[in-house]
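Scroll down for the structure; my scribbles are underneath it.
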2 protein chains.
Amino acid sequence: MSDAQAPAQISRREQILREAARLFAERGFHGVGVDEIGAAVGISGPGLYRHFAGKDAMLAELLVGISERLLAGGRMRIAEGGESPEAVLRALIDGHIDFALDDRPLITLHDRELDRLREADRKRVRQLQRQYVELWVDVVREVHPGPSESRARAAVHAVFGLLNSTPHLGRPGALPGRTEMAELLHGLALGAFGAVAREAAEGESMAASASASAAASGA
Amino acid sequence: MSDAQAPAQISRREQILREAARLFAERGFHGVGVDEIGAAVGISGPGLYRHFAGKDAMLAELLVGISERLLAGGRMRIAEGGESPEAVLRALIDGHIDFALDDRPLITLHDRELDRLREADRKRVRQLQRQYVELWVDVVREVHPGPSESRARAAVHAVFGLLNSTPHLGRPGALPGRTEMAELLHGLALGAFGAVAREAAEGESMAASASASAAASGA
DNA sequence: CATCCGGGTTAATGGGCGTTAACCACATCC
DNA sequence: GGATGTGGTTAACGCCCATTAACCCGGATG
């Protein structure tokens, strides 16, 4: 127990978590059996119970885990405090994009299977999510002081939907690669946030805000 | 059977579909039992089999239905052809927002439970979805000729994620009401699409693209 | 009046699945 | 070199649940 404790690679436990995440994301929590999860890591069926109290416990650990990591990442980037509020917002966006692109299954689970948790775990996850959202809301309102808080919060939720959309994409290579995708999403998110500010700035001419940007090109 | 055929309101069948949609969206396809669906419409358990071949058939009808209505709506708005490509894009966005806000459960199901369908139905739904996406891609590229097709397609997917984010929102009234929400989402979507164009227009200075907004486009 | 038949009912069937029980092998420690 | 504990195994239990069977009732049909 003294030296060989850090056994080279990831523990069996984490291996199970990764496969479970993939399967849950693919077929839903209820859609995948405990035997399949076992098979995915080379052991079969009830062997999983040597590592987890039950199927629910796996999902709980996955969801709490990603919620905590998202929040921690967000707090870190805010604490680092870029040169400007805009820089902080860009850092938040990039951080979230990294999560969305690298941990697709978890991002999917994160808003799909939350209700399958036991009350206590669900409350914890929701609380973490709420804190994460508020982090963003504060930064967004700092960058774009116009809109009301509820408007800003709704915008943040919507942009999360935008950033988290990557997992749902068609399999074939009809889409950009990872780095181009990250850059594109970054731009889309900034554009969306910018719009909420522009909209608030202009009194009422909502229609004009659309064409104002690129309209001249067609004409 | 001659006169009283259109019996005032919605048929039992449609009643079942609506409740099933709500329950599936809330707890997942596998998470809701056939007895619960029956209970939700006042009959119990296997009585549903007088109206549907099985649980799968309900889901299939729901998903094919919404996919068809989305596509039909999109085609209609394009056929009507607004005064400009921009107007058509705005119409598409508004139409989609109406769906997202009025048929939340269906929008949720639409990208959550697709894999629970039998092969044939799944193929059909995917085909309808693909056609709908291509509709948008064409219009977006007309409005913003800069970006590559794959870039435009990814942007459309992302904006769908944005527009479809409404169902996942916190219950309490911490968010804007329906009309304000629609307006906000409209602005966010336009802002996102605008960004993909701006980004492509400017060579590399990505950071500036946020604040530059409308100014740079003419030049 | 007898007959259908649409739309229900409850009971039975059968399979899938999460979990537990009982048992086992190997490495490590003393 | 026997005790111990960790990480497996397979078999069994029990529940849940979709589907089917068998039966029923009320109204339109003729």
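Label points for A:Gly81 are taken 7 Å from Cα along Cα→Cβ. From this copy to the others they lie 5.8 nm apart, shortest first.
Summed over qualifying helices (DSSP H, 4 residues or more, each -39500 (n - 2.57)) and divided by its residue number, chain A shows a 222 nm mean residue ellipticity of -23500 deg cm²/dmol.
Excluding same-chain neighbours fewer than eight residues apart, the lysines reachable from B:Lys55 by a Cα-Cα span under 24 Å are B:Lys123. In terms of Cα atoms, the Rg and Dmax of the protein assembly as shown work out to 23.1, 87 Å.
The protection proxy used here, the mean number of other Cβ atoms lying within 10 Å of each residue, ranks peptides A:74-85, A:135-146 as follows, highest first: A:135-146, A:74-85. Label the range A:41-143 by shape, choosing from rounded, prolate and oblate, from the square roots a ≥ b ≥ c of the eigenvalues of the Cα gyration tensor; if a/c is under 1.5 it is rounded, and otherwise prolate applies when a/b is larger than b/c, oblate when it is not. Because a/c hits 1.5 or more and a/b exceeds b/c, the range A:41-143 counts as prolate. Choose one answer from B:Glu180, B:Glu36, B:Glu26: the residue with the largest mean-square fluctuation in a GNM of chain B with alpha-carbon springs under 10 Å. Maximum fluctuation in the GNM of chain B, among the listed residues, is at B:Glu180. Projected label points at B:Glu119 and A:Asp102, each 7 Å from Cα along the beta carbon direction, are separated by 3.8 nanometres. Ranked from shortest, the separations from the 7 Å Cα-to-Cβ label point of A:Pro46 to its equivalents in the other copies are 3.3 nm.
Label positions at B:Leu169 and A:Arg126, each projected 7 Å from the Cα along the C-beta direction, are separated by 1.7 nm. The angle between the Cα long axis of helix B:12-27 and the longest principal axis of the Cα atoms of chain B comes to about 60 degrees, rounded to the nearest 10. Dividing the mean sequence gap of close Cα pairs (under 8 Å, 6+ apart) by how many residues chain A holds gives a relative contact order of 20 percent. A label point on B:Arg69, set 7 Å along the Cα-to-Cβ line, lies at 3.8 nm from each of its counterparts in the other copies, closest listed first.
Can you compute log10 of I(q)/I(0) for chain B with the Debye formula, treating each Cα as one identical point scatterer, at q = 0.12, 0.13, 0.14 Å⁻¹? Reported log10 I(q)/I(0), two decimals: -0.75, -0.86, -0.96.
A Förster radius of 25 Å, combined with the Cβ-Cβ distance separating A:Glu180 from B:Glu134, puts the computed FRET efficiency at roughly 0.75. Relative to the longest principal axis of chain B, what angle (0 to 90°, nearest 10) does the C-alpha long axis of helix B:178-201 take? That helix lies at roughly 40 degrees to the long axis.
Bear in mind these aren't lab numbers, they're just calculated from the coordinates by the rules spelled out. Computed from a prediction, not measured in an experiment: that's the story for all the values here. Neighbour counts are summed over all protein chains in view; Cβ atoms, including those assigned to glycine, are modelled from backbone coordinates with ideal geometry.
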